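Engineer: My structure is below; once you've seen it, I'll send some questions.
The values are calculated or read from the model by the stated rules, or taken from the named source; none is laboratory data. All figures in this text were calculated on a predicted structure; none of them were measured in a lab. Methodologically, a virtual Cβ is constructed for each residue, glycine included, from the backbone with ideal geometry; neighbour enumeration extends over all protein chains shown.
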Amino acid sequence: MTSIESVTLEVADLTAADRFYTALGLGTQVRLRASEAPTTGFRGFSLSLTVAQPADVNAYVGAALDAGATTLKPASKSFWGYGGVVRAPDGTILKLASSEKKDTGPATREIWQLVLLLGVADMAESRKFYVGQGLVVAKSYGRKYVEFAAGRGPLKLALYGRRALAKDVGVPADGTGSHRLVLGGGAGAFTDPDGYAWEAVATPAAAA
C-alpha cells in the first residue's frame, strides 16, 4: 500500500522555521528545505494537529504564538469540538483541534494525529488520481472530503475542496505561485492535478 511518508515545507528562513516547528514538537514530522519560490495568498493546504482536549489545543496555540505565529481563528468551542487556527512565520497554516469540548486532565502536548489537508479543485479527479498512484481510501464523504490510509506513522493525507478548506482556516481562497510543499512517498516522483509535487522516498522495508 502506498502512503504519504513525509512532508517537506519549503521556507525562506530555515533557522526561523526550524525554531518554530521544534517549539511545536514537529521537528521530526516536518522536514524543511530552503526556497525562494514566489508564492502569494493561500498556498492551498493546511496541517491539522489533533490532540486530546482543549487544554492541549491551548498549549499548542500558545507555543505557536510565542514562536512567532499569528492567529487566523482564536481557539474556541464549535459543533465538532474545540480548536483554533494559526499561521506559521513561513506562511504554513496549522489547525489545532480536539473532538472534546471539556478537559479531563492537564495538557500532555501529545499529538494524536497529524493530517495534511490538500485543497483540490476537482475532488473526483484528485481522488481517482491518487487511487491510481496506489493510495487506499480510508474515509470518503462524496465530493467534500477524502482521507487516505496512513502508513506506519501518525501522518495522514486528506483531500478537501480548495474553497471549503480556505473557509475552514479563515483565509481567502485566492493564491498564486508555488505551494512551497513537497510530499514524499513510495510511489515515485509525480505532480498531482493541483500541482502538488511528490518525490520518491525509500521506506524501511524497501531500503532493507
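Engineer: Across region 12-43, what is the number of residues that are surrounded by 14 or more Cβ atoms within 10 Å (Cβ to Cβ), of a type in the set (Ser, Thr, Tyr) and part of a helix (DSSP H, G or I)?
Structural biologist: Matching residues across region 12-43 total 1.
Engineer: Sticking with this structure for a sec: Can you go through Ala150, Ala189 and tell me which one is closer than 21 Å to Leu9 by Cβ, free of Cβ contacts under 8 Å to residues at least 12 places away in the same chain and among the hydrophobic types (A, V, I, L, M, F, W, C)?
Structural biologist: Ala189
Engineer: Could you check region 78-93 and list, in sequence order, the residues that are small (Gly, Ala, Ser) and either part of a strand (DSSP E or B) or more than 18 Å from the chain's Cα centre (by Cα) (or both)?
Structural biologist: Ser78, Gly81, Gly83, Gly84
Engineer: Let me ask something else. Suppose we keep only residues that are farther than 22 Å from Arg33 by Cα and in contact with a strand residue (DSSP E or B) (Cβ under 9 Å, 6 or more places away or on another chain) within region 79-96. Which one would you say is modelled with the lowest pLDDT?
Structural biologist: In this case the residue turns out to be Trp80.
Engineer: Could you count how many residues in region 44-65 are in a helix (DSSP H, G or I) and more than 20 Å from Ala12 (Cα to Cα)?
Structural biologist: Adding up the residues that qualify gives 10.
Engineer: Test Leu117 against the stated conditions and say whether it is buried (at least 19 other Cβ atoms within 10 Å of the Cβ), assigned to a helix (DSSP H, G or I) and within 13 Å of the chain's Cα centre (by Cα). Walk me through how you get there before you give the answer.
Structural biologist: Numbers: buried (at least 19 other Cβ atoms within 10 Å of the Cβ): yes; assigned to a helix (DSSP H, G or I): no; within 13 Å of the chain's Cα centre (by Cα): yes.
So Leu117 does not fit the description; no.
Engineer: Related question: Name the pairs whose Cβ atoms lie under 7 Å apart, with the first residue in region 37-54 and hydroxyl-bearing (Ser, Thr, Tyr), the second surrounded by fewer than 20 Cβ atoms within 10 Å (Cβ to Cβ) and assigned to a loop (DSSP other than H, G, I, E, B), and 6 or more positions between them or separate chains?
Structural biologist: Here the result reads Thr39/Ser178; Thr50/Trp112, each pair linking region 37-54 to a residue that is surrounded by fewer than 20 Cβ atoms within 10 Å (Cβ to Cβ) and assigned to a loop (DSSP other than H, G, I, E, B).
Engineer: Also, quick follow-up: So in region 127-163, with the set limited to residues that are closer than 15 Å to Gly186 by Cα and outside any loop (DSSP other than H, G, I, E, B), which one is farthest from the chain's Cα centre (by Cα)? Reasoning before the result, please.
Structural biologist: Residues of region 127-163 that are closer than 15 Å to Gly186 by Cα, as a first pass: 130-136, 148-153, 155-157.
Within this subset, residues satisfying the condition of being outside any loop (DSSP other than H, G, I, E, B) are 130-132, 135, 148, 155-157.
Working: Tyr130: 17, Val131: 20, Gly132: 22, Leu135: 17, Phe148: 13, Leu155: 9, Lys156: 8, Leu157: 8 Å.
Of everything passing the filter in region 127-163, Gly132 is farthest from the chain's Cα centre (by Cα).
Engineer: Working only within region 120-133, note down all residues that are surrounded by fewer than 14 Cβ atoms within 10 Å (Cβ to Cβ), farther than 27 Å from Leu96 by Cβ and either touching a residue at least 60 places away in the same chain (Cβ under 8 Å) or in contact with a strand residue (DSSP E or B) (Cβ under 8 Å, 6 or more places away or on another chain) (or both). Quick ask: steps written out before the conclusion?
Structural biologist: Taking region 120-133 as the starting set, the residues that turn out to be surrounded by fewer than 14 Cβ atoms within 10 Å (Cβ to Cβ) are 121, 124-125, 128, 132.
Next, only the ones that are farther than 27 Å from Leu96 by Cβ stay: 124-125, 128, 132.
Result: Glu125, single match.
Engineer: Restricting attention to region 49-61, which residues are within 10 Å of Leu94 (Cα to Cα) and surrounded by fewer than 23 Cβ atoms within 10 Å (Cβ to Cβ)?
Structural biologist: Val61
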